[in-house]
1. Return the total of residues in the range 71-122 being within 11 Å of the ligand (Cβ to nearest atom), surrounded by 15 or more Cβ atoms within 10 Å (Cβ to Cβ), among the charged types (D, E, K, R) and in a loop (DSSP other than H, G, I, E, B).
2. In the list 92, 72, which residue meets the criterion of being among the small types (Gly, Ala, Ser), under 20 Å from residue 1 (Cα atoms) and touching a Lys or Arg at 6+ places or on another chain (Cβ under 8 Å)?
3. So which residues in the range 22-52 are charged (D, E, K, R), touching a strand residue (DSSP E or B) at 6+ places or on another chain (Cβ under 7 Å) and over 16 Å from residue 111 (Cβ atoms), if there are any at all?
4. Scan the range 123-133 for residues that are within 26 Å of residue 29 (Cα to Cα) and within 16 Å of the ligand (Cβ to nearest atom) and jot them down.
5. Which residues, counting only those in the range 19-45, are within 15 Å of the ligand (Cβ to nearest atom), exposed (fewer than 15 other Cβ atoms within 10 Å of the Cβ) and not in a loop (DSSP other than H, G, I, E, B)?
6. Any chance you could count how many residues in the range 1-18 are assigned to a strand (DSSP E or B) and free of Cβ contacts under 8 Å to residues at least 12 places away in the same chain?
7. For the range 85-119: of the residues being touching a strand residue (DSSP E or B) at 6+ places or on another chain (Cβ under 6 Å) and among the acidic types (Asp, Glu), which is nearest to residue 58 (Cα to Cα)?
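Quick note: the coordinates plus some simple rules give every number you see, no bench work behind them. Keep in mind it's a predicted model, so treat the numbers as computed, not measured. A quick note on method: Cβ atoms are made from the backbone with ideal geometry, for glycine too, and the neighbour counts reach across all protein chains shown.
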Amino acid sequence: MNIPKIKFQIHGDDRGSLVALEENKEIPFSIKRVYYIFETKEEVVRGHHAHKSLEQIFICVSGQCKIRLNNGKEMGEVLLDNPEEGIYVAPGMWREMYDFSEDAVLLVLASELYHEEDYIRNYDDFLAYINQK
Ligand code: T46
């Protein structure tokens, strides 16, 4: 599966760089929640779940990490190592985040507040959910 990267516009000058992200503009949904993941150990794999309706944008604003996405039929992997770009993660994608560098900060913009009921945390349940759709 190809995972396209979204390239953000940089407002750069001799002071440095700035990326601005607005809901329903650069971000294709209304942003209800922001969280970030950092100090994840290199050998750790996070995620191992899918969401029923949550849409998200992942941006590695510092360091690097890899993202594996699986829609129940196909799998794809992408390296995030640039604060100028991100990926859109649709609902119904099993996700794993791994190979975090020591300085990695994975910023996530989310379309919904935190609802544990939106998670599918068992892989067999995920496949059953995808196949019934
Ligand atoms: C996702 C990937 C990329 C909250 O209380 N509020 C929140 O908004 C979030 C995201 C998490 N939590 C709590 C729930 C757990 O007790 O933080 C703890 C760690 O969450 P979790 O094990 O789900 O973390 P990851 O890194 O496996 O997954 C997270 C998001 O949960 C998930 O939506 O897509 O990052």
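1. Qualifying residue count, the range 71-122: 1.
2. 92
3. 46
4. 126, 129
5. 33, 34, 35, 36, 38 - these are the residues of the range 19-45 that are within 15 Å of the ligand (Cβ to nearest atom), exposed (fewer than 15 other Cβ atoms within 10 Å of the Cβ) and not in a loop (DSSP other than H, G, I, E, B).
6. 2
7. The selected residue is 85.
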